[in-house]
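Q: This is the structure, below, for whatever I ask next.
The values are calculated or read from the model by the stated rules, or taken from the named source; none is laboratory data. Only a predicted model underlies this, so the values are computations on that prediction, with no experimental measurement involved. A quick note on method: Cβ atoms are made from the backbone with ideal geometry, for glycine too, and the neighbour counts reach across all protein chains shown.
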Amino acid sequence: MHLKEIAPEVEGNESVKTEIKEYINHHLLDSYDFGLYSYVSDEGENKHIGFPLPVILWDNGLQVFSSSKLHHGEEVAESNGNYYKLYHGKIYKTNAEGVINHDEHHHATNDKPLDLSITKNVFTILIIGLLMFFMFGRMAKKYKTGSMPKGFGRLLEPIILYIRDDIAIPNIGKKHYKRYMSFLLTVFFFIWIINLLGLTPLGINVTNNIAVTLALALLTYLITTFTANKNYWGHIFWMPGVPWPMKIILAPIELLGTFIKPFSLLIRLYANITAGHIVLMSIIGLMFIFKNWLGSSLSFGLAFVLSLLELLVAALQAYIFTMLSALYFGSAVEEHHGDDH
């Protein structure tokens, strides 16, 4: 085979690889509309199927308009005489022509208004919150009447009992565990349901957004900090039974540890979910690169097995986050006896 015959094939594979890489990057990002799927028409035009979401900006006043005006970054949106353009996933203020200025590093220098928009991730969080409120509200009403929950509630009940009996009570103790049960249940089911939705073709990837995992970890940190007893702070700033020169050295390290613990929570959840999505979509993309029955079949089989593994990871990450949060809460309310001895 001549080099001229090989060159188009190599160039074709490189273009497919670039397209797969761009799709993966786009899939992992948040968006201003809820896209279900997209395709290229016979005329070569990109068609997006989904529905728009409200764009809410603060720029010399409140600016509210539909994300359909942005047309996936292809058009300029006008609101009260101001013009905005979607560029690389962010909204910039521009002129009627949609000019984006760049610096020497090719970074956009246009002004960015304060963005309060309801994006795809925010919309999903609201829907999951309402769904959980509905599910657990119905279960609570059933328990108040003295009857057993029916339907989906029977599936949730053993999970709730497991979180109470095997996570909350062993790590926090029977005396204090009830104070934290509402948070532990909420964070477990929120992370689990969100992770499961991330495996669907809807392209919902909430927990691979570091802002979301940061918010969850920050809640754990704040609850631990503001519910901790004097023994907790005493063991951080002035450890009993330790020579006082060592106390001065260890106190800053212990205080730093209170920040490192929730930081490890957010990084663990973010990194595992993001890596899982990237690996799974990369393996699926191999089917379009091999272009033969053997390579495509192997890629499909590997992607199927990995999808089953991701189902386990979805629950495992929710369990780990809940378990470690309960462990931190338990250390905050632990009552120490005989420290002087």
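Q: Being at pLDDT below 85 and small (Gly, Ala, Ser) narrows it down to one of Gly50, Gly61, so name that one.
A: Criteria check complete, one pass: Gly50.
Q: Among the numbered criteria (1) over 24 Å from the mean Cα position of the chain (by Cα); (2) at pLDDT below 85, which single criterion is violated by Lys21?
A: Exception for Lys21: condition (1).
Q: Taking the range 235-244, which residues are out of contact with any helix residue (DSSP H, G or I) (no Cβ under 9 Å at 6 or more places or on another chain) and part of a helix (DSSP H, G or I)?
A: Trp244
Q: Here is a follow-up. With the structure loaded, tell me whether Tyr232 is in a helix (DSSP H, G or I), among the hydroxyl-bearing types (Ser, Thr, Tyr) and either in contact with a His (Cβ under 8 Å, 6 or more places away or on another chain) or more than 24 Å from Leu269 (Cα to Cα) (or both) or whether it fails that test.
A: Numbers: in a helix (DSSP H, G or I): yes; among the hydroxyl-bearing types (Ser, Thr, Tyr): yes; either in contact with a His (Cβ under 8 Å, 6 or more places away or on another chain) or more than 24 Å from Leu269 (Cα to Cα) (or both): yes.
Answer is yes for this residue.
Q: Is it the case that some residue within the range 210-226 is in a loop (DSSP other than H, G, I, E, B) and of a type in the set (S, T, N, Q)?
A: Taking every residue of the range 210-226 in turn, none turns out to be in a loop (DSSP other than H, G, I, E, B) and of a type in the set (S, T, N, Q).
Q: Please work out which one of (1) small (Gly, Ala, Ser); (2) farther than 23 Å from Ile260 by Cβ; (3) buried (at least 18 other Cβ atoms within 10 Å of the Cβ) is the condition Ser182 fails and give its number.
A: With (1) small (Gly, Ala, Ser); (2) farther than 23 Å from Ile260 by Cβ; (3) buried (at least 18 other Cβ atoms within 10 Å of the Cβ) applied to Ser182, the lone miss is (3).
Q: A follow-up question, please. In the range 44-81, what residues are in contact (Cβ under 8 Å) with a residue 24 or more places away in the chain, out of contact with any helix residue (DSSP H, G or I) (no Cβ under 8 Å at 6 or more places or on another chain), closer than 19 Å to Leu116 by Cβ and not hydrophobic (A, V, I, L, M, F, W, C)?
A: Asp59, Gln63, Ser67, Ser68
Q: Which condition does Lys144 not pass, out of (1) surrounded by fewer than 12 Cβ atoms within 10 Å (Cβ to Cβ); (2) under 26 Å from Leu202 (Cα atoms); (3) of a type outside the set (Ser, Thr, Tyr), if it passes all the others?
A: (2)
Q: Show me the helices (runs of 4 or more DSSP H) entirely contained within the range 75-185 in which 3 or more residues are over 24 Å from the mean Cα position of the chain (by Cα) and at pLDDT below 90. Don't jump to the end; show me each part of the working.
A: Details: elements: 120-144, 152-162, 169-172.
Answer list for the range 75-185: 120-144, 152-162.
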